[in-house]
Every structure is written in C-alpha cells, then in structure tokens.
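What follows is calculated from the coordinates using simple rules that are stated; it is not laboratory data. Predicted model, so just to flag it, every value in this text is computed and none were measured. Every residue, glycine among them, receives a Cβ derived from its backbone with ideal geometry; neighbour counts consider all protein chains shown.
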Amino acid sequence: MDISKILEDTNITNACLKQANISEKELSEIISDYLSRIDDFKSTASYLANTLQQCDNVHSVRWRVKDASHLLKKIVRKKKEGNKKYADISVKNYLKIITDLIGIRALHLFKNEWEDIYHYVNQKYETHEKIVYIRKGDNEVVEHKDCEVKEHPIGYRSTHYVIKAKPLKEEIFCEIQVRTIFEEGWSEIDHRVRYPDFSDDKSILHFLTVFNRFAGSADEMASFLNNLVTTLKEERVKQKAINNSNETKINNLNYEIEHLKMQLEEMSSDKKTSSGKEVANQNFDNLFSRITNIQNSIKTLNSNDVSKTINELGLPVINADILANALEDTDVLYNASKIIEELCPEIDMDEVVKSIESSDTDDQNENKN
C-alpha cells in the first residue's frame, strides 16, 4: 500500500502531519493493519445488518466499512483538533479508539417507532454509547430513555448506538445510526451538496436549514397520519361492536312485536263492546304510542350501519281500536298484559285489567236485569 499516494490524494501534506503530531510511518502501520482485516469487518457488518433488519419497525438497513482513505483523514483531523481520545492512537489501539469502522444505518417510517428499535438494539447487542441528536428549536417533549441528548449544530436528527462486536478474536466497536426516512433524505442531500466545497457557503446553509424544517414537518405529518389511521381502526372496531349490539336489540324488539301481534290477532276474533272500551282505548292509545316509539328506536338503531331496515322487518302498524277490542277477551288478557308490560313499562296493566273486568261485570248485570 502506497501511503504517500493516499496522503497526496487526500491533500494531506507534511505540514498537516506535523501539525497533527503523527508520522507517515504510524499512519502506514494503521492503514496496513486495517486493510488486512477489512474482509472480516465486511462479514461482521453484513451479519449485524441482517440481524437488525429482523426488527419489525425497521424499514431498511444499509451498511458500510470505512474506506481506508477516510480513516486516514479522520485520524489526522482528530489529531489536529487536539482530541484527547486520539492523542496516543497507534496500530495497537486504533480498533478501540475509532468506533465507526463498521457503520450500519437503520431507517424507519414513523418517529415513534424509534422506541421499539431502541429496545431491540439493547436486547440484541452490547451497547457502549447511546446518543440522540436533535435540531435546535425542536419543541416536542420526547422520552429518550437512557440516551444522551445532544443538539446538533447543523440540525441533524438521528439516534446513534455504539455497540461491541467480535468478528474474530479481537473486539471492535460498530456504530448503528437510526433515523426516519425523511431525516435520511435530508442528511444525504446535505452531505452531497455541502461537501467538500460548500461547507461554509451561507446561501447553501440557509436553504439546507429550510429543507431541514420541511423534513421535520414531513415527519410530523407522517406521525399524524399514522395516529389517525390507528384511531380510525379502533373506531371501526367499536362501531362494529355497536352494530352487532344494535342488531341483537332489533331482533329482540322485532320478536316481541311479532309475538304481540300474533296474540292480538287471536284476541281480535272475538270483539265486544262495553262501557270500559273508552278507558281501554285511552290506555291502548298510549300502548300504540309506545309501539311507535319502539319502531322509531329500531329506525335509530338501523341508522348505525345495521343492514336491516324497518321496512325489511315488515312490522305492521297496529290499530288502537283493534288492541282495545282484542284485549276485552279476558281469557287471554293475562298473557297479553304480561307481553305489554315488558314492552311498555309505563302503562299500569293492573289498572287496565281492572277497568276492563269491571266493565264486563257491569254489562253482565245489565243483561241479567
């Protein structure tokens, strides 16, 4: 491996190496060792990605093993920045210092799905770090479990896990990034247009900030739609239960009315006249009103998406005079009164029966005289 060629291609000069306090030899040793392991790292990345894809709320998974030139640039940059973690980096310890040699990105559709993925990651892997990056101005109150929350300077939203893996004998760290599809779209476009030439361009940064807000709004809309669908499904289940209950009520009311109709038809075959008929008519006008109310109740129940209608049930309108005449037959009065009591609890059937029996007795006495 020609380390000099990599340094030249990445625009890292001797002055940069001196400023970073690292030699070309040290970098060459690290890169050579890394390239000797890269196939094992790829196998590990593929295995971890396949495992993560099995999580129900993970939409898609991508993975990568860090390119050797990117690794070299990162080491030099961190050293130049004076990052204490990289102060003594060498071929012997770089696997424990650099945590994103293997990178896995898991995407999900809705913001609230991150919690299920959080539990899945903690169940499947040994986590070393858990960081949630948010954008300045995010005002939603989110429960981030035991994750560290950091405000990202360019509005980057994502959850990062550093996990431990062991491709062969030596343990290494891997990074899992979890974000929504909209967050992924924004970050990919941000990276594409800003690097390497427009990182400080104010116009580009302004439009990327606006784009970031659109991505956040898209996430909010997606979450709203998801919650709306969930609510509608729950309401449909409730409505189905109501419809089933209403249909049962209709069937019961229909049975009672049909049963009463048959009783009344039997009684109407023997019509009588009496002085108590006026009282009976008054009470049975109330009864007729009650039956009408029952029929209206059935119509109301039917309005709640029940398939049967009052016309399909074929319920007749029962004339109050027929009811009164039929109920004058005392032989079946008792049975009929019990049916009416169940349908019309507001009518005092004992008073109706007494009135009709008294009327019949008076008629019989007049006939004897």
Item checked: Dipole moment magnitude, nearest 20 debye, segment 3-199 about Cα centre, only Lys, Arg, Asp, Glu C-beta charged -> 580 debye
Item checked: Of LYS25/LYS80; LYS145/LYS202; LYS79/LYS202; LYS79/LYS124, pairs whose Cα-Cα distance is over 25 Å -> LYS145/LYS202; LYS79/LYS202; LYS79/LYS124
Checklist line | Potential lengthening between GLU148 and ASN227 on full extension [0.36 nm per residue; Cα-Cα distance subtracted] | finding: 25.7 nm
Next item on the list: Please report, largest first and rounded to whole Å, the three semi-axes of the ellipsoid equivalent to segment 3-199, where each semi-axis is the square root of five times an eigenvalue of the C-alpha gyration tensor.
Entry: 30, 21, 15
Notebook entry, point to check: Considering only DSSP beta bridges with both partners in segment 3-199, what is the antiparallel share in %, to the nearest 5?
Noted result: 60 percent
